[in-house]
1. Show me the ranking of peptides 42-50, 206-214 by mean Cβ neighbours inside 10 Å, starting with the highest.
2. Can you tell me the mean projection area, over all orientations, of the convex hull of segment 2-234's alpha carbons? Units nm², please.
3. If packing is taken as the average number of other Cβ atoms within 10 Å across a peptide's residues, how do 344-352, 84-92, 220-228 rank, most packed first?
4. In what sequence, highest mean first, do 178-190, 127-139, 156-168 appear when ranked by Cβ atoms within 10 angstrom?
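Just so it is clear, none of the values below were taken in a lab; they were calculated from the coordinates. All values reported here derive from a predicted model rather than from experimental measurement. Here the Cβ is made from the backbone with ideal geometry for all residues, glycine too, and neighbour counts use every protein chain on show.
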Amino acid sequence: MVKAVSAWSLWRASRFAVAVILIVDLAAACTAFAFPGAVGQGDLGTAALLASLSIVYSRFTVSWERARRALRQEKLPTLCPNLLATWAFAAAVLLPLTLAAAVIAVAAIAEWPARNIAGQATPHRYVYSTAGAILAATAANSCMELDLPDQLPLALAAVGYMLVGIAAVALAMVTAGQYEGLRLLLKAETHKLEVLTIALAIAQVQLINLGVPLAWLSLPAAIVIQRWAVQSDLHVADEATIRPMTEGAWLTVAREVVAACPVSAIMRIDSADPAAVSLVARMQVGCDAIGAVGRSGLAILLADCPGANAESLAVRMRAALTQQGIPALVAVAAKPRDGQTSADLLAVSEAELIARAAAQRPSKSLRPDA
C-alpha cells in the first residue's frame, strides 16, 4: 500500500500543488470525523439504501461510464462531472456528516473501475475528487442545520454543495495551471449534468422524508441521465470543421459502447481527407463518434444501430462520397450479426475494405500480348 502511494505522480508535482492537495484531503477527513452527530437506527437504514443504490448504479453503468469519461477526456480533459451526487447530496442532507462521508467513500470505491480506464487513472486525483465531495457534503449538511422556514435550508444546501464542489475543482485547476479548463468551469452550461443530478437527489430526499418507499426510482432515473450524457457526447455536431477523435480515444469509446449496446455498428471509410470528414460530419447528424483508426482512415461508431440500418447508411455514404468526387471505400459491420465486440466489428469491416479494394483493381490478363 505504502509502495503504491509512493509511486503516485502527485509527488512529482510542485511543492505548492502537493501542499494544496494534501490540505484539501486532510480537511475532508478532519471535518468528517470532527462532527459525527447522533446516529440513529433510521440513519443506518437510509445510509445503507443510498450506498446500495450508488453501488448498483456503478456496477450497471460501468461500460457506459467508461465511454463517457473517454469522450470527456478527448473533448474536455479536465472536466467530467460526477453523477454520484444523486446519492452523495441526499446523504449530506439526510444523515449525520460522518455517516454521509462514509456513503460518499463507499460510492467512490464502487465507481473506481469505471474511472480507471485501461489502468490509466491517477489515484491522487480520484482521492482529491472524493475529498471535494465530502467538503461539499459538509457545506450542505451545515445548511440543513440553519433555522430557516420550509424548504429554504434544502435549497441553500443544494447551492452550497455545488459551489464548494466547483471551488475544489477550481483550486486544483489553478494549482495545476489549467486555466483553459478553469474558463470552461465558470460557464453555466458546464454544470447542467450536475444540476440534473442534484434535482434528482432533491426529489429522492423528499420521498424519503415523506416516508414514500420510492427512493429506489433514483437508480433508473440516474441511469437514464447517464445514458443521455453519453449520447450527447457521442453526437457529432453538424460542422464542416469537425475533427476526428484520436485513435486511442475512439477505440476506448467503441469498445465500451459496443459492449454496452445490444445492437451497434462500425462504419469504416478508407480516406482521411478533411473533405471526407466534413461530409461525414454533415451527413451523420444523430450518429456517433468519428475517429481516425489504423491505415484505413476513418471509423464511425453507430450506437443502437441495427445492421440493416447501418447498411442503408453505408449505401448513402458511398453515393454521397461519389457525388462529391472523394475517392474512398466504405464498409460496415454490425453487432450481433458480425460479432460481439468492437474488435470483431473492426476486423470484419477491415476485411470488407480489403475485398472492395481488391475488386476495384484492374485484373491482369494472363495471355501474352499479340
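1. 42-50, 206-214
2. Values: hull surface 51.5 nm².
Over all viewing directions, segment 2-234 projects a mean Cα-hull area of 12.9 nm².
3. 84-92, 344-352, 220-228
4. Descending packing order for the listed peptides: 127-139, 156-168, 178-190.
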